[in-house]
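Peer 1: Right, I'll just put the structure down here and ask away after.
Values quoted throughout were computed directly from the atomic coordinates according to the rules given, and no laboratory measurement underlies them. In this text the structure is predicted, and so the values were computed from the model without any measurement. FYI the Cβ positions are ideal-geometry reconstructions off the backbone, even for glycines, and counts take in every protein chain you see.
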Amino acid sequence: MIRIGVLISGSGTNLQAILDGCREGRIPGRVAVVISDRADAYGLERARRAGVDALHMDPAAYPSRTAFDAALAERLQAYGVDLVCLAGYMRLVRGPMLTAFPNRILNIHPSLLPAFPGLEAQRQALEHGVKVAGCTVHFVTAGVDEGPIILQAAVPVLEGDTVEDLRRRILAEEHRIYPEAIRLFAEGRLVIEGRRVRILDRAEAPRG
């Protein structure tokens, strides 16, 4: 059973998918702490309702972004976190976090990376006229949405789609594949080989 720390900035629907996955036994682990950089993030309330410690850490209280990330890493380590999951966390994760949790930070992004990294991926997809969009779970590295890809799900772009239409359709797939990626990590079935992530069969996975 792994201990998961979740970082959020908003409503926390992917957080809810993770909490549900842990509660239902689809993820062999539990959420140890949820931390938000925004005090008004509704995801904090979701965490509290699930009996999980929910903390607000204000970036403005620290002298630099690096100092904030160092304090964030210390707080997560104090909770004995094995895996950090970004779930709508709207800040770049910097050096201290990457050092503290090497290859142990996951992110969910609403595009089929490497297409449309960064903000407003759904709007970018519509403006480019793509026929297929989707979402990606990847390991976090120093580059923006550049880490090795674990899982992806494709979503058709329909005639007349608005940004909100596409966002809603992609979000349903995010809620499906993010818990699955966390499960694979918890089972020791993810192996990074350069830019690729190899998913081991259950029989190949190391036994803990």
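Peer 1: Mean residue ellipticity at 222 nm from the helices of the chain, using -39,500 (n - 2.57) per DSSP H segment of n ≥ 4 over the full residue count, to the nearest 500 deg cm²/dmol? If you can, show how the numbers build up before the last one.
Peer 2: On the way: 6 runs with 71 residues, N = 208.
It comes out at -10500 deg cm²/dmol, rounded to the nearest 500.
Peer 1: Can you grab the distance from the C-alpha centre of segment 1-72 to the C-alpha centre of segment 156-199, Å, no decimals?
Peer 2: Their Cα centres are 19 Å away from one another.
Peer 1: Can you tell me the alpha carbon radius of gyration of segment 1-158 divided by the globular rule-of-thumb value 2.2 N^0.38 Å? Could the numbers behind the result be given before it?
Peer 2: Details: Rg = 15.6 Å, N = 158, 2.2 N^0.38 = 15.1 Å.
Working it through for segment 1-158, the quotient is 1.04.
Peer 1: Could I ask something else about it? To the nearest 0.05, how large is the calculated FRET efficiency for residue 202 and residue 49 if R₀ is 30 Å and r is the Cβ-Cβ distance? Don't skip to the end; give the middle numbers.
Peer 2: Values: r = 33 Å, r/R0 = 1.11.
After rounding to 0.05, the efficiency reads 0.35.
Peer 1: For segment 1-152, what is the relative contact order in percent, using Cα pairs closer than 8 Å and at least 6 residues apart in sequence?
Peer 2: It comes to 21 percent, rounded to a whole number.
Peer 1: Could you give the length gained by full extension between residue 192 and residue 146, i.e. 0.36 nm per residue of separation minus their alpha carbon distance, to one decimal place?
Peer 2: Numbers: separation 46, 0.36 × 46 = 16.56 nm, distance 1.36 nm.
Full-extension gain reported as 15.2 nm.
Peer 1: Within the chain, what percent of beta bridges assigned by DSSP are antiparallel, to the nearest 5? It would help to have the intermediate numbers written out before the result.
Peer 2: On the way: 15 of 33 bridges.
If I count the DSSP bridges inside the chain, around 45 percent turn out antiparallel.
Peer 1: With r defined as the distance between the Cβ atoms of residue 162 and residue 40 and R0 fixed at 30 Å, what FRET efficiency is calculated, to the nearest 0.05?
Peer 2: Numbers: r = 26 Å, r/R0 = 0.86.
So, using R0 = 30 Å, E works out to roughly 0.70.
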